[in-house]
Amino acid sequence: MTVAVILKHKGAAVETVRSTATVQQMCDLLSSKKIGAAVVVGAANEVIGLVSERDLVHAISMHGAGGLNRTIDEVMTRNVATCRLTDSSQDLMEMMTSGRFRHVPVVEGGRLVGIVSIGDIVKRRIEDSDLERHAMRDYIAHAG
C-alpha cells in the first residue's frame, strides 16, 4: 500500500500554521480540529517545520504558563521527515518507528499535498486485512 492510497481514503486536507502563531493558538487549533499535529509553512507554503502535541507539552514544561505566549518558531520541530505519494506504508512505518514520530507531511514537487499519521496507516492496514479475510471466507464458502 502506498501513501497515495492512504490519502485517497482519508483525504488530503492538511492543517497548516505560520511560525508566528503562538503556542496558545496552536493548542486551540489542535483541540478544535481534534488532531495531533500541524505543518508549519513559510511564505511560499513550503514545509519549514511541524508542531505536534509533544512540542507543545515540552514548551509548557520548560516555560510554564508563559510558554503559551511563545511563538511556534521557538518550539516547532525543524528537521521534518517527509514522504512522497509513491512511498510504501511499510517504509513509512519503519521511518516513524525509528524516528519516534507519528506524523509525516507528504510533499510532491516541493508542494505540500497531505499528511499521514501512524493512525492513518494502522487504520488502512486493518481495513485491508478485513477485506482480505472476507474475500477468503467468500472464496472458501463458494469453492466447496
* Only one of these is under 18 Å from the mean Cα position of the chain (by Cα), at pLDDT 95 or above and more than 16 Å from residue 106 (Cβ to Cβ): 27, 83. Name it. => 27
* Does region 29-40 include one or more residues that are part of a helix (DSSP H, G or I), in contact (Cβ under 8 Å) with a residue 24 or more places away in the chain and within 23 Å of residue 113 (Cα to Cα)? -> yes
* Structure fact -> Exactly one of 13, 44 is of a type in the set (A, V, I, L, M, F, W, C), exposed (fewer than 15 other Cβ atoms within 10 Å of the Cβ), within 17 Å of the chain's Cα centre (by Cα) and at pLDDT below 95, and that one is 13
* Asked: Only one residue in 43, 65 is part of a helix (DSSP H, G or I), free of Cβ contacts under 8 Å to residues at least 60 places away in the same chain and of a type outside the set (S, T, N, Q), so which one is that?
  -> 65
* Could you check, for region 55-62, whether at least one of its residues is among the hydroxyl-bearing types (Ser, Thr, Tyr) and under 26 Å from residue 10 (Cβ atoms)? => no
* **Of all residues in region 89-110 being outside any helix (DSSP H, G or I) and exposed (fewer than 14 other Cβ atoms within 10 Å of the Cβ), the one that is nearest to the chain's Cα centre (by Cα)** => 100
* To do: Among the residues of region 111-127, write down those that are in contact (Cβ under 8 Å) with a residue 24 or more places away in the chain and either out of contact with any helix residue (DSSP H, G or I) (no Cβ under 9 Å at 6 or more places or on another chain) or surrounded by 18 or more Cβ atoms within 10 Å (Cβ to Cβ) (or both).
  => 111, 112, 114, 115, 116, 117, 120, 121, 124
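The values are calculated or read from the model by the stated rules, or taken from the named source; none is laboratory data. Please read these numbers as outputs of a predicted model, since none were measured by experiment. Positions of Cβ are generated from backbone atoms using ideal geometry, with glycine treated the same way; all protein chains shown enter the neighbour counts.
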